[in-house]
Amino acid sequence: VTSAMANLRRVAVGFALLACAVLPAAAADKGARRPAISGGAPRRAKRAAVPSPVVHAVAKSQDGGPTLADYSYAEVEPLGADSVEVEVHACVLNAGDVQQLRGDWGTCLLPLIPGREAVGVVTKVGKAVKGIAPGDRVGVILGTGMDSEDVENGSDRNRLDFATTGAAAHRIRVVSRWAFPLPLGIPTQHAAGALSSGGAIWQQLKKARLGKGSKVGIIGGGTAAGLAEQITAALGLETHKVVGDAAAAAQHTAAGDGDAELDRAEPEVLCAVDEDDLRLHAGSFDALLCVSACDALNLTPILRMLKRGGLVLLAAAHTPTVSLSPRLMHERALTLVGGGAPSKPDML
């Protein structure tokens, strides 16, 4: 056994010496036959698949009524340095969007993709963008898309020369100053409907600097009125719904009938032409907050509800025509405040 083990050790040592002698020579011979620089076409590194530049949306393509159809276009230009690209998860069409689709706002470039507000997730950011990163959930506000648009109304919708962009698309690009990070506690579908209207209401009430307990009349109905009620309540303001005629008062009352719990939550509806309501509330309101989208709004009879020096806030009013008495405005030293999109600090 001892002799066999010794023989195995000698064989192993022999193989090791052979490897030390032969392998370097083989490597040198292979290197001599193989050129330092390979000929032929260069090999390209594999790249990740590039997302499709096609954006799918709905749009109005012809003059006439607010008829929408499927529409798509390609984003061929690189993302702007100050812009973000957002995958849309929810958008909203409000009364203003319907008016624009009907042509009430005047002419704009067709096809027209409607929608001025949306909520989604950021997929790309420009190289100059700060405070927003891919994966963030944001709300975005777009402008009106009209030629006379003020850049303070929202992100530009006229950046393409063949269509007016909008939120009713699966992907949009906006300037980063009009993209607002959203708290996790706000559901996407709720946030989508609260951006422009809710933000405008908050902005005007904040600038009005009304003290707690101040009396505010809400003019209008629908979702915007509901937002106004919640915001005024959160600010500690006394809130009433105010209408200008008996028919509107009856309509509000009928809308609340049938649900006792809802009726208790609804603010009291006051009529500006009702003698009892006038006797109890005339000259007692600090502000009137207009969120109406009716075809024509007559504020003249309602102005008598305001205190001297009171405010008329057109925060989220989409009504095409507003009538009021200059004489009453002058006698009571009232101030009319126009609407507008909220700023980023207001939203945050």
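Taking region 179-191 as the search range and keeping residues that are under 28 Å from A74 (Cβ atoms) and surrounded by fewer than 24 Cβ atoms within 10 Å (Cβ to Cβ), which one is nearest to the chain's Cα centre (by Cα)? Can you show your working first?
Start the filter on region 179-191 by keeping residues that are under 28 Å from A74 (Cβ atoms), which leaves 179-180, 188.
Checking the rest, the ones that are also surrounded by fewer than 24 Cβ atoms within 10 Å (Cβ to Cβ) come to 180, 188.
Working: F180: 8, T188: 11 Å.
Only one residue tops the list, namely F180.
Kindly establish whether A247 is in a helix (DSSP H, G or I) and modelled with pLDDT under 85.
Values: in a helix (DSSP H, G or I): yes; modelled with pLDDT under 85: yes.
Yes: the conditions hold for A247.
Taking region 50-60, which residues are surrounded by fewer than 16 Cβ atoms within 10 Å (Cβ to Cβ) and either among the hydrophobic types (A, V, I, L, M, F, W, C) or assigned to a loop (DSSP other than H, G, I, E, B) (or both)? The answer is V50, P51, S52, P53, V54. Looking at R159, R209, R173, just one residue is open to solvent by 50 Å² or more (accessible area, probe 1.4 Å) and at negative phi, and that residue is R159. The single condition among (1) in contact with a strand residue (DSSP E or B) (Cβ under 7 Å, 6 or more places away or on another chain); (2) at pLDDT below 95; (3) open to solvent by less than 70 Å² (accessible area, probe 1.4 Å) that L348 does not satisfy is (3). Checking each residue in region 81-103 for being under 18 Å from A133 (Cβ atoms) and either among the small types (G, A, S) or touching a Phe, Trp or Tyr at 6+ places or on another chain (Cβ under 6 Å) (or both) picks out A81, S83. Is there a residue in region 125-139 that is closer than 27 Å to P320 by Cα, surrounded by fewer than 19 Cβ atoms within 10 Å (Cβ to Cβ) and modelled with pLDDT of 90 or more? Within region 125-139, none of the residues are closer than 27 Å to P320 by Cα, surrounded by fewer than 19 Cβ atoms within 10 Å (Cβ to Cβ) and modelled with pLDDT of 90 or more.
Tell me which strands (runs of 3 or more DSSP E) are completely within region 65-148 and hold 3 or more residues being within 19 Å of the chain's Cα centre (by Cα) and either closer than 25 Å to D161 by Cβ or free of Cβ contacts under 8 Å to residues at least 12 places away in the same chain (or both), or say none if there are none.
Result: 83-92, 117-125.
Tell me, yes or no, whether region 153-171 has at least one residue that is of a type in the set (K, R), modelled with pLDDT of 90 or more and within 20 Å of P183 (Cα to Cα). Scanning region 153-171, I find no residue that is of a type in the set (K, R), modelled with pLDDT of 90 or more and within 20 Å of P183 (Cα to Cα), so the answer is no.
Quickly run through region 305-319 and pick out the residues that are out of contact with any helix residue (DSSP H, G or I) (no Cβ under 7 Å at 6 or more places or on another chain) and surrounded by 11 or more Cβ atoms within 10 Å (Cβ to Cβ). Spell out how you get there, then give the answer.
At the first step, the residues of region 305-319 found to be out of contact with any helix residue (DSSP H, G or I) (no Cβ under 7 Å at 6 or more places or on another chain) are 306-310, 312, 314, 317, 319.
Of everything in region 305-319, those that are out of contact with any helix residue (DSSP H, G or I) (no Cβ under 7 Å at 6 or more places or on another chain) and surrounded by 11 or more Cβ atoms within 10 Å (Cβ to Cβ) turn out to be L306, K307, G310, V312, L314, A317, T319.
The values are calculated or read from the model by the stated rules, or taken from the named source; none is laboratory data. Here the structure is a predicted model, which is why all the values come from computation and not from measurement. Note: ideal-geometry Cβ built from the backbone for every residue, glycine included; neighbour counts use all protein chains shown. When the accessible area is computed, the model is the full protein with side chains, heavy atoms only, and any ligands, DNA or RNA have been set aside. Shrake-Rupley method; radii C 1.70, N 1.55, O 1.52, S 1.80 Å.
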